[in-house]
Amino acid sequence: MSSEDDDGPLFWHPARQLDGKRHAIRQDRPPRGWSKVRTLCGSLLDPAPVSSTEWLLYPTCRACWDSVVRRQVPDFPCAAPEGDQPPEEG
């Protein structure tokens, strides 16, 4: 994925027909018209309307969660972008 995709909005959506988990997509929200979208874990999600119960009770897809963490949390402090470094003491 490009860095543009990494910095875009993130939307979690329950996937009733896929596996009963909440998956992440890189969009504000799923597109209208029921076209399937690719999730961060690589699954194709049908963004059909879901109930509030599904929003509350469906567990988070672990692969999508891990993908978000890998994109947003550096492995080491030295891997953080230059502007995010704490000031040097001295």
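Per-residue Cβ neighbour counts within 10 Å put Arg22, Arg71 in the sequence Arg71, Arg22, beginning with the fewest. This ranking places Val69, Val37 by how few other beta-carbon atoms lie within 10 Å of each, fewest first, which gives Val69, Val37. Neighbour counts of C-beta atoms inside 10 Å place Lys21, Lys36 in the sequence Lys36, Lys21, starting with the fewest. Ordering 53-60, 13-20 by mean Cβ neighbour count within 10 Å, with the highest value first, yields 13-20, 53-60. Within the set of other residues whose C-beta is less than 14 Å from the C-beta of Arg62, count the net charge using Lys and Arg as +1 and Asp and Glu as -1. Combined, the nearby Lys, Arg, Asp and Glu give +1.
Every read-out reported here was derived from the displayed coordinates using simple, explicitly stated rules and does not represent laboratory data. From a predicted model like this one, the values you see are computed outputs, not experimental measurements. FYI the Cβ positions are ideal-geometry reconstructions off the backbone, even for glycines, and counts take in every protein chain you see.
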